[in-house]
Amino acid sequence: MRTPPSGILNWTRRDFVRTGLVTAGAANVAAFVRPSPWPAGAATDPASDLDKLARSVRGRLLRKTSPEYDDARRVWNQAYDLRPLAMVRAANVDDVRRSVEFARKHTVPIAIRAGGHSYAGYGVADGALQIDLGALTTVSVDRDRRTASVGGGTRIRDLLTATLAAGLYTPMGACGAVGVAGLALAGGDTSGRGLYGTACDNLVGAQLVTADGNVLELGPGNNEDLYWAIRGGGGNFGVVTRLDFRLHPVVPMHTAGFAFGWPSVNDLAGVLRTFGDLVRETPDEVRAGFFVDPAAGAFASCDFRGDPAAAAAYLEKWKQAFRPAEARMSTSMPKPDGEQWNTTRLAVDGAFIEDLSGGVVDVLARAAVEARGVGQMLLGLSNGVAARVPMSATAYALRGTGLSSLVAAEWDKPEGRARAEQWVAETGAALRPLAHRAYVNYLPRSTPERIREAYGANYPRLARIKAQYDPANLFRSNQNIVPAPRS
Ligand SMILES: Cc1cc2nc3c(=O)[nH]c(=O)nc-3n(C[C@H](O)[C@H](O)[C@H](O)COP(=O)(O)OP(=O)(O)OC[C@H]3O[C@@H](n4cnc5c(N)ncnc54)[C@H](O)[C@@H]3O)c2cc1C
């Protein structure tokens, strides 16, 4: 095994994806970047009413003829080059409501954009009315009640800047530029979930503009069905214009990182089995991940949040298990910006792996070795409080201890695309029969069957709530929950 490369220590998703970027891509994207017209006959011609909408909103409406149109429709994952009918830069909740009413009247589908970081490019869609929440970014922190409220377009960095200034924290993703809503409404693959639950578990209230233009308050005792559905069901139920989060004390993070370079498939399988044994049962303070970087190879990391002495005692177990790989030790505090990952072209796939043993280890080890120079792999532990929430308590279905996997590959020149897509497609297809459920934010644009599978037992209730609040499926630029047929 190789000496750990420098910089691998404080692992973040950035280390995992950025170290030695390569040209790569991902499976299934091609099928979805082609213009995909909405169902024939669904839309009437709304062009003349767009003028009326433009006059009625406080924000701006951009059309195909607007000079800013091409810049504005661009999203983080540039594999998606899609052309919405128009884009409303909403200035307030009323603009959102008017936009939804326009879309309903003309049966134009809606694409919601917050941070614009959807791997599957859902913040934009051909022929849709995009509602851009980029101006709804108010953040307020109530230190006494330990809550924070944010506008629907707020980025993680702005939420955490405000909470950390008050000495408080809520579990969020690793990249500060990602939208809070896009992440939390799908559940969240978050740091701190072992101690505090994941992002949707800390969502204590929200304001939602539904497909019929109603502005509803959601929370315990308030529109409970929708409150259940938005904690995992993503943007399927309407536009969330405000999110309220529970806050927690900030705790230092003590990290042990281990780098393995590029061992053989057999050796890597051995490392994965050891990692699987270590994460099968963990204290809530632990966050752990296994990564494969296309340049640097495989590495594992364990963070312990809390008392330094307890951390040192626990991390010793990891040091022993991974010998002779040398542990790199560090201590850090949460940071608002996290990592940066610039706009790219990328393909992804994901799965939730319940136990790292048996056939799944062989599949992962082989895929990891083949990732060299092509793709990246992340296995993030879901444990503790997040794992103990009952499956039926929220729509988010990744309960019980497990590893949320993301395989991703980027390309910057067109000739890199096919290889990247192939690696992601093959890895995703090999993992799928071995893993049930998936984190919907890590999936490519997916078929209804795949989404049904991802939500597992929670899907039928989601489909019923969808049928009640969005029977025409206006909100379908997302990992779509198809409205249940009316009985
Ligand atoms: C660099 C990078 C790092 C990432 N790191 C993590 C991570 O650490 N953990 C993790 O869990 N995920 C992570 N992700 C995945 C991320 O959570 C999803 O891509 C998420 O959808 C991005 O949200 P957004 O608001 O930025 O995206 P957008 O493209 O703006 O929105 C995506 C979709 O989310 C829904 N949505 C967004 N806002 C609203 C709203 N206000 N109301 C209703 N629906 C809404 C809509 O369906 C929308 O189309 C990462 C992605 C990237 C690109």
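The values are calculated or read from the model by the stated rules, or taken from the named source; none is laboratory data. What you are looking at is a predicted structure, and each value in this text was computed from that prediction instead of being measured. Here Cβ is always computed from backbone atoms with ideal geometry, including for glycine, and neighbour counts include all displayed protein chains.
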One residue is enough: does segment 257-275 have a residue meeting the conditions within 25 Å of Y169 (Cβ to Cβ), more than 16 Å from the ligand (Cβ to nearest atom) and modelled with pLDDT of 95 or more?
yes
Take the residues of segment 148-184 that are part of a strand (DSSP E or B) and within 24 Å of S382 (Cβ to Cβ): which is nearest to the ligand (Cβ to nearest atom)?
G179
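Considering each of R242, R231 in turn, give the residue that is touching a Phe, Trp or Tyr at 6+ places or on another chain (Cβ under 8 Å) and either among the basic types (K, R) or more than 9 Å from the ligand (Cβ to nearest atom) (or both).
R231
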Out of everything in segment 454-477 that is crowded, with 19+ Cβ neighbours inside 10 Å and of a type in the set (D, E, K, R), what residue ends up being farthest from A103 (Cα to Cα)?
K466
Within segment 66-76, is there a residue that is part of a strand (DSSP E or B), crowded, with 22+ Cβ neighbours inside 10 Å, out of contact with any Ser or Thr (no Cβ under 6 Å at 6 or more places or on another chain) and outside the structural domain of A408 (by TED's automatic domain parsing)?
no
Taking first residues from segment 330-348 that are assigned by TED's automatic domain parsing to the domain that holds R287 and second residues anywhere that are assigned to a strand (DSSP E or B) and more than 12 Å from the ligand (Cβ to nearest atom), the pairs with Cβ under 6 Å that are 6 or more apart or on different chains are S330/T255; T331/H254; S332/M253; P334/Y169; A347/A409
Condition check: surrounded by fewer than 22 Cβ atoms within 10 Å (Cβ to Cβ), over 30 Å from R372 (Cα atoms) and at pLDDT below 95. Does D49 satisfy that?
yes
Every pair of residues 6+ apart whose Cβ atoms lie under 7 Å, when the first sits in segment 472-487 and is farther than 18 Å from G232 by Cα while the second is within 12 Å of the ligand (Cβ to nearest atom) and not in a loop (DSSP other than H, G, I, E, B)
L474/I110
Residues that are surrounded by fewer than 16 Cβ atoms within 10 Å (Cβ to Cβ) and among the polar types (S, T, N, Q): find the strands (runs of 3 or more DSSP E) completely inside segment 311-391 holding 1 or more of those.
328-332
Does G219 meet the test of being away from the ligand (no atom under 13 Å from the Cβ), at positive phi and not basic (K, R)?
yes
Within segment 98-144, take every residue that is within 13 Å of the ligand (Cβ to nearest atom) and among the charged types (D, E, K, R) and give me the one that is surrounded by the fewest Cβ atoms within 10 Å (Cβ to Cβ).
D132
Qualifying positions in segment 197-214 - buried (at least 24 other Cβ atoms within 10 Å of the Cβ) and on the phi > 0 side of the Ramachandran plot:
G197
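Quick one: count up the residues across segment 451-487 that are basic (K, R), in a helix (DSSP H, G or I) and within 16 Å of the ligand (Cβ to nearest atom).
1
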Run S191 past the list (1) at pLDDT 95 or above; (2) within 15 Å of the ligand (Cβ to nearest atom) and report the number of the one that doesn't hold.
(1)
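Please work out if V204 is more than 13 Å from the ligand (Cβ to nearest atom), assigned to a loop (DSSP other than H, G, I, E, B) and either farther than 21 Å from I110 by Cβ or under 22 Å from the mean Cα position of the chain (by Cα) (or both).
Criteria not met by V204.
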Condition first: touching a Pro at 6+ places or on another chain (Cβ under 8 Å), closer than 24 Å to A409 by Cα and either assigned to a helix (DSSP H, G or I) or of a type in the set (S, T, N, Q) (or both). Now tell me which residues in segment 269-310 satisfy that.
V271
So, in segment 179-196, exactly how many residues are farther than 17 Å from D244 by Cβ, among the hydrophobic types (A, V, I, L, M, F, W, C) and crowded, with 24+ Cβ neighbours inside 10 Å?
1
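Could you grab me the full set of residues in segment 245-254 that are within 30 Å of F275 (Cα to Cα) and within 16 Å of the ligand (Cβ to nearest atom)?
Answer for segment 245-254, where residues must be within 30 Å of F275 (Cα to Cα) and within 16 Å of the ligand (Cβ to nearest atom): just M253.
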Looking only at segment 236-250, decide whether some residue is within 30 Å of E101 (Cβ to Cβ), without any contact (Cβ under 8 Å) to a residue 40 or more places away in the chain and in a helix (DSSP H, G or I).
no
